[in-house]
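Only the coordinates and a few stated rules stand behind these numbers; no lab work does. Computed from a prediction, not measured in an experiment: that's the story for all the values here. Note: ideal-geometry Cβ built from the backbone for every residue, glycine included; neighbour counts use all protein chains shown.
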Amino acid sequence: MRILPALALVLAFPQLTLAWTQLHNNFPSSPTSCDNSSNDECVSWPHNAKGQSITVYVHLSPALSTAPGENLATDTTNSAAQWNGVSANNPFLVAASSGTSVSVSMLQLPSGCDWGETIDYSSSSNVHVIASANVYFNTDVIWNHLFGYSCGAADSRNVATHELGHVNALGHTYIDAVMKSGGENYWAPQTNDVQGLQSIYGAP
Ligand SMILES: [Zn+2]
């Protein structure tokens, strides 16, 4: 599923250059700046000139409740609350059964070591604006609430928060944070995660 074009952006924080990127999955081996080329498009959810938050409706598949281990629907809901609580004008994520633009479900991902993936689709009318996103939890993984990862087991809270960070248009960062690639060490967004969202959407 890592086949769609990467949408990468890096803001030029004076001391934090390349600290985080804005993209959907298919992340390269090292952070790169988005330049609005077809392969490195800078994207975000629609937001007005004042950077006010919009609401993004998230559909949680019933299968999430029957995943082996923890209830991924509950974990995703709690992770949405984590992102909703940061001091930035990022989209407000609300669980909904209809009118949804984000779908969260289970899928057997190509690699057993791939815990979750997020795939965004930009609208055709404005390629820089995200219109929808899909989040997948790997059905091959036993989900738990114990920190630590293997190919077949992972902490569902941390992975859920990481994937919803992608939903918010955040890419990966090399700084220790939720969005650090391959090392979802946190359930709650960290300073670098918040800086990324403030840079995309503005601060309250
Ligand atoms: Zn990721």
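Summary table
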item: Packing-based exposure ordering (other Cβ within 10 Å, fewest first) of TYR174, TYR201; result: TYR174, TYR201
item: Under-5 Å amide H pairs with ILE142, H placed in peptide plane, nonlocal only; result: ALA153, ALA154
item: Sorted by Cβ density within 10 Å, fewest first, the residues LEU197, LEU60; result: LEU60, LEU197
item: Extension gain, SER181 back to TYR57 (0.36 nm per residue minus Cα-Cα distance, nm); result: 42.1 nm
item: Segment 61-157: antiparallel DSSP beta bridges as a percent of all, rounded to 5; result: 45 percent
item: FRET efficiency for SER111 and PHE147, using Cβ-Cβ distance with R0 set to 22 Å, rounded to 0.05; result: 0.55
item: Fewest-first sequence of ILE54, ILE175 by Cβ atoms within 10 Å of each Cβ; result: ILE54, ILE175
